[in-house]
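Participant: Got a structure for you, questions after.
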């Protein structure tokens with residue numbers, strides 16, 4: 001079923017109700033921070049269950065759940081980055097690593113901010129073709145191939161504290177790919193970090209930290225859009241349930257991702273993405289996934 005619209009926004013999640021949104025919150029939370037595309041799963045799971053598409057507004061607002069999970073899981077890194085940068089500014093120590101790293105993150109966030117503003121009318125429009133199953137399926141398979149190349153040809157020898165501005169900008173530019181449904185923000189940034197020869201665990205860590213401004217911006221922007229669209233109290237309550245459930249799920253997903261990368265590399269995600277991509281393309285061509 002096509003998603004509902006509220007003042008031009010895709011708000012199908014309201015019609016799903018509390019229980020279904022809670023279930024999708026689990027799926028969203030797990031897939032948002034793993035390199036397997038939450039958008040793909042937000043299309044395939046409702047389709048398989050015969051539910052309405054929750055809509056792009058739901059996926060965007062769920063960024064706040066990812067934000068809460070990343071900040072809480074990497075609180076030590078976030079705290080050192082924020083307070084270390086502020087302390088360096090007070091001391092006028094502009095060579096401080098925390099301050100330099102914070103500036104790199106701001107600069108690396110600019111590409112996705114610019115692209116997001118320019119593409120917003122297309123990305124968030126009701127029934128936008130960019131959320132179509134063929135687009136998502138092709139994106140899933142394409143990034144699976146690129147991630148496989150990163151595993152084949154990169155030596156994963158560098159650590160988090162060896163990062164530099166060039167690394168940050170390359171990963172930041174790669175983050176723009178997350179605007180294409182099916183690519184995955186985690187997938188695009190993790191893959192780019194691996195291509196910079198970071199070890200797998202630090203590549204994921206850097207991917208999460210660098211993505212904080214973009215995640216926060218996307219989530220807060222969507223809440224603002226929903227407020228402008230006069231989403232009713234019932235809709236806000238349903239969204240709140242999804243956010244709470246997704247936050248808990250996302251926290252668990254971070255732990256799971258780091259354990260998988262530590263023990264098995266990124267190959268499980270390569271295989272999984274490719275299989276899901278094929279399923280989506282077959283489902284779209286046969287009509288099984290409408």
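The values are calculated or read from the model by the stated rules, or taken from the named source; none is laboratory data. A quick note: this is a predicted structure, and the numbers were derived from the prediction, not measured. Every residue, glycine among them, receives a Cβ derived from its backbone with ideal geometry; neighbour counts consider all protein chains shown.
Participant: Given the conditions (1) closer than 22 Å to residue 30 by Cβ; (2) more than 10 Å from the chain's Cα centre (by Cα); (3) surrounded by fewer than 24 Cβ atoms within 10 Å (Cβ to Cβ), which single one is not true for residue 170?
Facilitator: All conditions are met except number (1).
Participant: Suppose the filter is in contact (Cβ under 8 Å) with a residue 12 or more places away in the chain and either in contact with a strand residue (DSSP E or B) (Cβ under 6 Å, 6 or more places away or on another chain) or surrounded by 18 or more Cβ atoms within 10 Å (Cβ to Cβ) (or both); does residue 74 pass it?
Facilitator: Against the criterion (in contact (Cβ under 8 Å) with a residue 12 or more places away in the chain and either in contact with a strand residue (DSSP E or B) (Cβ under 6 Å, 6 or more places away or on another chain) or surrounded by 18 or more Cβ atoms within 10 Å (Cβ to Cβ) (or both)), residue 74 does not qualify.
Participant: A further question follows. What do you reckon, is residue 59 modelled with pLDDT under 85, part of a helix (DSSP H, G or I), in contact with a helix residue (DSSP H, G or I) (Cβ under 7 Å, 6 or more places away or on another chain) and under 26 Å from residue 256 (Cα atoms)?
Facilitator: yes
Participant: Looking only at residues in the range 122-143 that are outside any loop (DSSP other than H, G, I, E, B) and modelled with pLDDT under 70, which one is surrounded by the most Cβ atoms within 10 Å (Cβ to Cβ)?
Facilitator: Here the answer is 123.
Participant: Here's another thing I want to ask about it. If a residue counts only when it is farther than 28 Å from residue 138 by Cβ and either touching a residue at least 12 places away in the same chain (Cβ under 8 Å) or touching a strand residue (DSSP E or B) at 6+ places or on another chain (Cβ under 9 Å) (or both), which helices (runs of 4 or more DSSP H) contained entirely in the range 194-290 have at least 1 such residues?
Facilitator: Once the helices (runs of 4 or more DSSP H) in the range 194-290 are filtered for at least 1 residues that are farther than 28 Å from residue 138 by Cβ and either touching a residue at least 12 places away in the same chain (Cβ under 8 Å) or touching a strand residue (DSSP E or B) at 6+ places or on another chain (Cβ under 9 Å) (or both), what remains is 200-210, 212-228, 233-264.
Participant: Tell me the residue from 36, 30 that is closer than 22 Å to residue 278 by Cα, modelled with pLDDT under 95 and not in a helix (DSSP H, G or I), please.
Facilitator: Result of the check over 36, 30: 36.
Participant: If residue 85 meets every condition in (1) in contact with a helix residue (DSSP H, G or I) (Cβ under 7 Å, 6 or more places away or on another chain); (2) at pLDDT 90 or above; (3) crowded, with 16+ Cβ neighbours inside 10 Å; (4) under 22 Å from residue 240 (Cβ atoms) apart from one, which number is that one?
Facilitator: (4)
Participant: Same structure, new question: Do the conditions hold for residue 75, that is, is it touching a helix residue (DSSP H, G or I) at 6+ places or on another chain (Cβ under 8 Å) and within 28 Å of residue 239 (Cα to Cα)?
Facilitator: no
Participant: How many residues, within the range 148-175, are over 13 Å from residue 107 (Cα atoms) and part of a loop (DSSP other than H, G, I, E, B)?
Facilitator: 6
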